[in-house]
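For reference, the structure discussed in these notes is given below.
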Amino acid sequence: MKAPIRIAVTGAAGQISYSLLFRIANGDMLTREQPIILQLLDIPQAQQTLRGVAMELEDCVFPMLQQVIVTDDPKVAFRDAEIVLLIGARPRSKGMERNDLIEINAGTFAEQGKILNAFAAPHVKILVVGNPANTNALIVIRNAPDLNPKNVSSMMRLDHNRAIAQVARKLSQPIGNIKKMVVWGNHSDTQFPDLSHAEIRGRKILDILPDHNWIESEFIPTVQKRGTVVIETRGLSSAASAANAVIGHMHDWILGSHHDDWVTMSVLSDGSYDIPAGLVFGFPVTCHNGDYQIVQNLPISKLGHRHMLESYRELLKESEQIKHLLG
Ligand code: NAD
Ligand code: LMR
């Protein structure tokens, strides 16, 4: 039997975690051959709820779940963790933009970055989900100087999945036929869901789509605003779909992306596509052996550049807002 992997999850008593932990324990993220130990963190006021979640995990008798640790101390949660899912943060409510959360949540990520630097396994892989996710990931990177910045990413897989869902519906195609989607930029309303490289069974979607006006008039705004519309409709921010995106993101990062496809991950920019280095930006990536590579040399239209620049400028502004936390 393989050695267990320690997975730390913050915000473990919250909504996303309630849809996520049982799937991780079931093996959906790392397969059913990989034993795991869950190290669950939440704030002191949420400890009772968290203990209840731990009881339910126990009662599921998942064969690969070796141990559940429940704590309000990040040092305990992050100790020797090889995978860390930073979900714990306030979600926005109706009428708020994700950016409104920056002052509320940024301090948490600075503190957790420092603790991860000291206590997590040196090769730990960290996914930031708590909003504003890209800038929070930048805060973690800058506060964890001993960790490889390539081992920190933030989640735009939900946006990627939302974009695929819209196209599948529009063209009445099975989800699995749609490849090479990408959502560039920030996990915010400025993100750029980009159909121009997407394919259905090897054919460019742009050659199949009868109505190209649909892209600017419906596709892009629908994907950009999907989080807001879910909040307006459900009364709470998306949780099960976010948990599903966490599973997909981590599965592909660790076990590899599909050979004829790529995925969207927000990672530290390195100058690719004229996005200046040093911000956490959504790019198309392929993953092999636990590492990601930004897909290079995709042609970008003028309109695409305009959208990407807008998202870049927003990220730059966010990073200036929290520059005192950038170490
Ligand atoms: P929630 O309010 O249901 O749960 C958040 C949990 O985090 C709570 O249990 C809270 O006590 C805990 N928490 C707060 N501060 C903490 C800290 N310092 N340490 C540990 N735990 C802490 O919220 P949710 O619906 O689970 O959403 C969590 C975050 O994920 C929000 O910021 C939300 O906006 C974000 N989100 C991101 C995406 C994405 O695609 N990136 C998608 C959905 C939600
Ligand atoms: C989402 O995209 O659903 C999340 O980021 C939650 C939100 O605030 O929109």
### Task
Treating only the Cβ atoms of Lys and Arg (+1) and Asp and Glu (-1) as charged, compute the dipole magnitude of the range 5-154 about its Cα centre; round to the nearest 20 debye.
320 debye
### Task
May I ask you to list the residues of the range 1-25 whose amide nitrogen lies under 13 Å from a point 7 Å from Cα along the Cα→beta-carbon direction of Gln66?
1-7
### Query
How far apart, in nm, are the 7 Å Cα→Cβ label points at Arg306 and Glu232?
2.4 nm
### Task
Could you list, in their original order, any pairs among Lys225/Lys302; Lys75/Lys179; Lys114/Lys302; Lys2/Lys179; Lys179/Lys225; Lys114/Lys179 whose Cα atoms are separated by more than 31 Å?
Lys75/Lys179; Lys114/Lys302; Lys2/Lys179; Lys114/Lys179
### Query
Out of residues 5 or more away from Trp184 or on other chains, whose amide H comes under 5 Å of its own, with H placed 1.01 Å from N in the peptide plane?
Phe192, Asp194
### Query
Each residue of the range 38-47 in turn: what ³J(HN,Hα) in whole Hz from Karplus with 6.51, -1.76, 1.60 and θ = phi - 60°, glycine and Pro shown as x?
9, 10, 9, 10, 8, 6, x, 5, 9, 5
### Query
So what J values fall out for the range 196-207 if you push phi through Karplus, 6.51 cos²θ - 1.76 cosθ + 1.60 with θ = phi - 60°, rounded to Hz, Gly and Pro as x?
6, 9, 5, 10, 10, 6, x, 9, 4, 4, 4, 7
### Task
Would you mind ranking Ser172, Ser153 by Cβ crowding within 10 Å, fewest neighbours first?
Ser172, Ser153
### Message
If the only charges are +1 at each Lys and Arg Cβ and -1 at each Asp and Glu Cβ, what is the size of the charge dipole of the range 157-320 around the Cα centre, to the nearest 20 debye?
### Response
440 debye
### Task
Just subtract the alpha-carbon distance of Ala3 and Glu33 from 0.36 nm times their residue separation and send over the number in nm, one decimal.
9.8 nm
### Query
Once the Cβ-Cβ distance between Gln45 and Asp189 is put in as r, and R0 is 30 Å, what FRET efficiency do you end up with, to the nearest 0.05?
0.40
### Task
Work out, step by step, the length gained on full extension between Arg203 and Ile104: first 0.36 nm times the residue separation, then minus their alpha carbon distance; give nm to one decimal.
31.1 nm
### Summary
Amide H contacts under 5 Å for Ile69, restricted to residues at least 5 apart in sequence or on another chain and with H modeled in the peptide plane, are Leu38, Gln39, Leu40
## Note on the structure
Karplus-derived 3J(HN,Hα) from phi for the range 261-269 (6.51 cos²θ - 1.76 cosθ + 1.60, θ = phi - 60°), whole Hz, x at Gly and Pro, runs 8, 9, 10, 9, 10, 8, 9, 5, 5
#### Entry: Residues with amide H under 5 Å from that of Met265, placed H, sequence gap 5 or more
Phe283, Val285
### Query
Treating the beta-carbon of each Lys and Arg as +1 and of each Asp and Glu as -1, no other charges, what is the dipole magnitude of the chain about its Cα centre, to the nearest 20 debye?
260 debye
### Task
Please list, or write none, the aspartates and glutamates whose alpha carbon is within less than 17 Å of the alpha carbon of Lys317, excluding same-chain residues fewer than 8 places away.
Glu97, Asp100, Glu103, Asp189
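Bear in mind that the values in this text are calculations on the coordinates, not laboratory data. On a predicted model such as this, the values are computed, not experimentally measured, just so you know. Cβ: placed from backbone, ideal geometry, glycine included. Neighbour counts: every protein chain shown.
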